[in-house]
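Data block below; observations after.
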Amino acid sequence: MKAGLMIALLLWMTLCVELAWPDRLPSGCLMIPLAVAAACWLRNSLGVVLFSFILLLSWIARPVGLPLAAIVSPIIIAAFLLRTGHSGREGSRVSVAASGLLQLPLLVVLVSVLHQAAIHASGFQGPAVSDAASVVGHQFIELIQALVQDPGRFANNTLAVLLIAVPFSVVLNILLVLSDELGLRRNLQAGRDIYGF
Amino acid sequence: MTASSGCNAMRAETYRLRMWLTAISMSLLSAIALVADSCGLLSGFRTRLHDSLSPGRLLLVSLGNVGDAADGSVERAEGQNARQNISDETANDGIELQYQQSEMQRRQLLLENARLRNQLRQQAMLQQVDDLVTTNSAGFDTGGTNSSLHRFLVTPARVISSRGLADSLRDLIVDAGKVAGVTRSELIVDGSGWLLDKGTDYQVSAGDRVLAGAVVVGRVAQTARWVSLVQPVTDPEFSARVQLMRTSSQGQFFGAEGILTGSQGPSDSGVDADSECEIHGIPYTEAVSVGDDVVSADINGTNGPRLYFGRVSRAEFLQGGQWSIRVRPAVASLQLDDVGIVRLDLNLPAPGSGEEAKP
């Protein structure tokens, strides 16, 4: 619970940082790696709740496009956490460590792409609709149309985010692996007890 | 041993189930938030969220400013080289800025011309009255001072969140709230120009930089301690008294007055339906034409500086004997970063200044 509170505070501060300099920091470049790392650190439902909640709060604070990352990412994170719990048993120690070092950046890339796709679609001007349900459905269509019609701008914006997010996530991942090796992660130990590895 | 492994399997199953339930619940919550936002139910929560984030954000911004000041000496040393590089990159921005400034100047000149023409007309009328009526006005004390009971202040604010591009502007959150004295229904203007309630009557001479006619962005809808929510001019619930300003061969004239309201519904033309306003209450006997400028008639019922709303994009007769007028708001073409909040303030004389009313 203490770890959860500390992580919630950290995520809150990250949201403050991103809102303090919106013109210097692309949206989600710090928050997404930290939220993914928080979920990987806790490895329980609280981690998934914190991860989803900060993405949702970020979208409410800056409601650009659809909250695609907040809708889809919790399921991805849950699937990832459950899968890594099982797959960790197999392979040599080196290969497990190597795959572990890649997991967090890959997740960050995936969530960042979802986040940027929604932002990219918001700049696309479609026909006006008035009904709330139509608006939501229409935004999904706009999302696909925008990605097809202007992929260059989407790639540039995503690259701008990833240039900060990926190195940051690599550093966080190294910290996670180190803390695991040094026995600082009690939750992982609990997971090992559960899965028997 | 078997009991232990069975217990572990059950715990693993519970863990897995809990994870999936949490993930699906959070996804559903996000989807519900999306629908709620589409219905406009999240505006109040968004204001409170920004308000709660503001102390940390303001602290970081202030720390950043301190850091910028410390780095200033180093930056000045490298300034020459940097300026050379930046000048190439900002050439295009400069052209855009020049265009915006010239457009702003044009609006100011239009307003000033119309005001002077009105003044001239009033002077002529007064002259006629003076010729007809011979009244000794020595007993009337007009005061001889230029002081007004009220004045308009502009509180600068930064836009910290918007719904996206200006064309699809729905909500806007600015970083000025109750702490800055902002209250509901105050007008928001584009922050690229300043607003003054002084003209030639106040010894402002030619050549002085007097800016007026700032573009109206919207109105404060909600205020929190640190932030305020802005209702843009295109919101259907927005309304303001406006006056048309016509450009004829003889110059600019103030025309008919009406009520401007937002209109986000689909229009018949289907072009830029999201960013149009309507003017109601102008009878068919008044002259209206496409291209007329729309300026404020008053600010919350008080006479004040003229603010610019936009330009008439369509004008048609209605069967009820009124005009159906559509306005393209000027804010739709602006990139909003800094804005100003226009506040009415009482201009009371300070105690002991000798300006108190005498019995």
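The values are calculated or read from the model by the stated rules, or taken from the named source; none is laboratory data. Bear in mind that the values here come from a model prediction, so they are computed numbers and not experimental data. Quick reminder, even Gly has a Cβ in these numbers, built from the backbone with ideal geometry, and neighbours come from all protein chains shown. Each accessible area value is taken on the protein alone, full model and side chains, heavy atoms only, with ligands, DNA and RNA left out. Shrake-Rupley method; radii C 1.70, N 1.55, O 1.52, S 1.80 Å.
The selection criterion, being open to solvent by 10 Å² or more (accessible area, probe 1.4 Å), at pLDDT below 80 and outside any loop (DSSP other than H, G, I, E, B), holds for B:Q252. Looking across the stretch B:9-23, the residues that are open to solvent by 40 Å² or more (accessible area, probe 1.4 Å) and at the interface with another protein chain (Cβ under 7 Å from one of its Cβ atoms) come down to B:R11, B:R16, B:R18, B:W20.
Conditions tested, residue by residue: (1) among the small types (G, A, S); (2) closer than 15 Å to A:A165 by Cα; (3) crowded, with 21+ Cβ neighbours inside 10 Å; (4) in contact with a helix residue (DSSP H, G or I) (Cβ under 9 Å, 6 or more places away or on another chain).
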{"position": "A:E18", "(1), (2), (3), (4)": "no, yes, yes, yes"}
{"position": "A:L34", "(1), (2), (3), (4)": "no, yes, yes, yes"}
{"position": "A:A39", "(1), (2), (3), (4)": "yes, no, yes, yes"}
{"position": "A:L42", "(1), (2), (3), (4)": "no, no, yes, yes"}
{"position": "A:G47", "(1), (2), (3), (4)": "yes, no, yes, yes"}
{"position": "A:S52", "(1), (2), (3), (4)": "yes, no, yes, yes"}
{"position": "A:L66", "(1), (2), (3), (4)": "no, no, yes, yes"}
{"position": "A:P74", "(1), (2), (3), (4)": "no, no, yes, yes"}
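Would you check if B:L211 is at pLDDT below 75, touching a helix residue (DSSP H, G or I) at 6+ places or on another chain (Cβ under 7 Å) and more than 23 Å from B:C277 (Cβ to Cβ)?
On the way: at pLDDT below 75: yes; touching a helix residue (DSSP H, G or I) at 6+ places or on another chain (Cβ under 7 Å): yes; more than 23 Å from B:C277 (Cβ to Cβ): yes.
Yes; evaluated as a whole, the condition is true for this residue.
Please pick out the residue among A:S52, A:S73, A:S45 that is in contact (Cβ under 8 Å) with a residue 40 or more places away in the chain, among the hydroxyl-bearing types (S, T, Y) and within 10 Å of chain B (Cβ to nearest Cβ).
Numbers: A:S52 fails: in contact (Cβ under 8 Å) with a residue 40 or more places away in the chain; A:S45 fails: in contact (Cβ under 8 Å) with a residue 40 or more places away in the chain.
Selected residue: A:S73, the only one of A:S52, A:S73, A:S45 that is in contact (Cβ under 8 Å) with a residue 40 or more places away in the chain, among the hydroxyl-bearing types (S, T, Y) and within 10 Å of chain B (Cβ to nearest Cβ).
Test B:N65 against the criterion of being under 30 Å from A:D23 (Cα atoms), surrounded by fewer than 16 Cβ atoms within 10 Å (Cβ to Cβ), modelled with pLDDT under 85 and not acidic (D, E), and give yes or no. When the stated conditions are applied, B:N65 passes them.
Scanning the stretch B:42-56 for residues that are at the interface with chain A (Cβ under 8 Å from one of its Cβ atoms), open to solvent by 10 Å² or more (accessible area, probe 1.4 Å) and not aliphatic (A, V, I, L, M) turns up B:F45, B:G56.
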